[in-house]
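Some notes on the structure that comes next.
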2 protein chains.
Amino acid sequence: MRSTQQLDRAEALRLLGTVSLGRIVFTHQALPAIRPTSHVVAGEDVLVRLDEGASRASLVATPGEPGIVLAYEADAIDPETHLGWSVVVVGYTELIADRDEAERLAALPDPWRNQPSAGVLRIRSELVTGFRLGP
Amino acid sequence: MRSTQQLDRAEALRLLGTVSLGRIVFTHQALPAIRPTSHVVAGEDVLVRLDEGASRASLVATPGEPGIVLAYEADAIDPETHLGWSVVVVGYTELIADRDEAERLAALPDPWRNQPSAGVLRIRSELVTGFRLGP
């Protein structure tokens, strides 16, 4: 028998910070879209690097203006036992163009794919949910 | 230097079939939503188990009627090197209520979480994309 434990906000954000890969979830050309990316957790925000490409326009509005709402998911789930955890953050996005902010984010992982970076996207963690599945 | 290789449809579906966990991406209460689930690949379709719960209503229409479009993602990415692959399937959903169909799907993995099953959802693989990131 397995146990499912809902995670509180603090624990969910802590777990999210223990991994560096997740998946950004958004709408692109009116279709649900998802792609893996790298992230860091800074305080209560999730920061991801944006690749150049078509999907950027769907993610962010004008720099400085509020962006759209999107979801970010990361998990660590054993492929055999299927035990582990999953965390989902939902919130407004913001494109970070400020130099000081960018320096503060120096710990951000290198771009994952070989694509030019199109900036850093901050996701405000308005809604944080997660669960842990134990034996 | 890393190499990014786009996957063709056949290779992407093949890789998807080599893992049993992925993430279903949909819209719930006008917000982007994602949750991990188990799947199998049957021909060109992706089959996932539905849990009872609020999100079911967002995923499927009336049984027999065409469902909404959603995305399904699975990947196998090394947490250290970040090398691996990711596959995304986008397509219409269909709730499978037919007994014969259900028997044909006997290979479907057990429900992942301890929640009553609410049926099997078939995702028609209309759009299949993926990439492999190598050294």
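List the distances, in nm to one decimal, from the label point of A:THR18 to the label points of the same position in every other copy, shortest first, placing each label point 7 Å from Cα along the Cα-to-Cβ direction.
2.8
Using r as the Cβ-Cβ distance of B:GLU126 and B:ILE77, and R0 as 22 Å, what FRET efficiency do you calculate, to the nearest 0.05?
On the way: r = 25 Å, r/R0 = 1.12.
Computed FRET efficiency for B:GLU126 and B:ILE77: 0.35.
Can you pull out the buried accessible area for chains B and A, both sides counted, probe 1.4 Å, rounded to the nearest 100 Å²? Provide the component values of the computation, followed by the final result.
Values: alone 7770 and 7760 Å², together 12790 Å².
Accessible area lost upon association: around 2700 Å².
With r defined as the distance between the Cβ atoms of A:GLN6 and B:ILE68 and R0 fixed at 22 Å, what FRET efficiency is calculated, to the nearest 0.05? Walk me through the numbers on the way to the answer.
On the way: r = 27 Å, r/R0 = 1.21.
Taking R0 as 22 Å, the efficiency between A:GLN6 and B:ILE68 is 0.25.
Checking buried surface per residue: for segment A:20-35, which residues lose a minimum of 50 Å² accessible area in the protein assembly relative to the chain alone (1.4 Å probe)?
Residues meeting the cut-off: A:LEU21, A:ARG23, A:VAL25, A:PRO32, A:ILE34.
The values are calculated or read from the model by the stated rules, or taken from the named source; none is laboratory data. Bear in mind the structure is a predicted one, so any value in this text is a computation, not a measurement. Here Cβ is always computed from backbone atoms with ideal geometry, including for glycine, and neighbour counts include all displayed protein chains. Side chains are part of the model used for accessible areas, which takes the heavy atoms of the whole protein and leaves out ligands, DNA and RNA. Shrake-Rupley method; radii C 1.70, N 1.55, O 1.52, S 1.80 Å.
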